[in-house]
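Working notes, structure below.
The values are calculated or read from the model by the stated rules, or taken from the named source; none is laboratory data. Quantities reported herein were computed from a predicted structural model and do not represent experimental measurements. Counting neighbours? That spans all protein chains shown, and the Cβs are built from the backbone with ideal geometry, glycine included.
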Amino acid sequence: MKFTPAIGLFVLFFSLAGCAIDRKLAPDLSGDQITVTVKVPEELIAEEMQVMYRSKLCTFTDHTASGVPYQRDGYQRTDIQPVRQGQTDLYEAKLAVDGGGDCQWRLSNVTFGVMYKDPTKFGNEVVYGAGGGVVVMFDGNNPGRAGMYKKVESDLVLRKDYYPWISERYIGGYKKRVNLTGEGSVYIKYQALQARQVYFEPVLHSGFLAHSIGPKKKYEGNQTIFYYPDGSNSPEIQSKPSFRKLQAIRLAAEAQK
């Protein structure tokens, strides 16, 4: 049978309508890549990276708060475990910019970070909480995690200070967690449209532990109290240890050595 232009247009329409299109990712590992490297302190481990791809070809219908429908870019996530580089403390993952497939997926963002290797070193009942996370956006789409983001015009090099923070909560059931607290929120966010290298070096100050104890009963004025390594304590507006206080305590202690 002769293949006419009309038939070709019908096949294209049939595919794009979603009846036959394959929405799977098929990253092109031989093409353009972004290398993400994490320098991991001895007490921590590198978390699995959450890599997001988006497609302007394979869209879906969403709705505004008032119920008005609109089209959004499709998205797919794949998780990648960074690989240790020899016997070093560097862990690396290479992310294909071209996500491939019928949808022509493109790399949108990556979420990665570090966490405690063994939370029970702080007590048998202790579990890991949060902190030490990074989100890097490679396009104009905000992945939605809380917090503002900074823009960089080239490759991204991050060296950030972190402190261990033990959090005890009683309301709703007793929970004891160890967190990594630093500047900003749980995730620090960047937009790096031109980056091809992302380097993250978390600096863990293990000797400067913050500790918080939440109220046992809920009533007005009853607050979580934060205890600092210099013996001081106070409530905090942001419900996390003051990064400025921790930095000042550490720098003062180091200056006395």
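For residue 59, are the conditions met, namely being more than 25 Å from residue 204 (Cβ to Cβ), polar (S, T, N, Q) and touching a Lys or Arg at 6+ places or on another chain (Cβ under 7 Å)?
yes
Mind listing whichever residues of segment 172-207 are on the phi < 0 side of the Ramachandran plot, surrounded by 13 or more Cβ atoms within 10 Å (Cβ to Cβ) and out of contact with any Asp or Glu (no Cβ under 9 Å at 6 or more places or on another chain)?
178, 179, 180, 181, 185, 186, 187, 188, 189, 190, 200, 201
Against the conditions (1) modelled with pLDDT of 90 or more; (2) under 24 Å from residue 137 (Cβ atoms); (3) more than 25 Å from the chain's Cα centre (by Cα), where does residue 54 fall short? Just the number, please.
Going through the list (1) modelled with pLDDT of 90 or more; (2) under 24 Å from residue 137 (Cβ atoms); (3) more than 25 Å from the chain's Cα centre (by Cα), residue 54 breaks only (3).
So residue 229 clears everything in (1) assigned to a loop (DSSP other than H, G, I, E, B); (2) surrounded by fewer than 15 Cβ atoms within 10 Å (Cβ to Cβ); (3) free of Cβ contacts under 8 Å to residues at least 60 places away in the same chain except one condition, right? Which one?
(2)
Residue 113: within 14 Å of the chain's Cα centre (by Cα) and either part of a loop (DSSP other than H, G, I, E, B) or polar (S, T, N, Q) (or both), yes or no?
Criteria not met by residue 113.
Sort out which residues of segment 186-214 are over 23 Å from residue 42 (Cα atoms) and either in contact with a helix residue (DSSP H, G or I) (Cβ under 9 Å, 6 or more places away or on another chain) or among the hydroxyl-bearing types (Ser, Thr, Tyr) (or both), and write them in order of number.
Hits for segment 186-214 are 190, 212.
Condition check: more than 20 Å from the chain's Cα centre (by Cα), modelled with pLDDT under 95 and among the acidic types (Asp, Glu). Does residue 125 satisfy that?
yes
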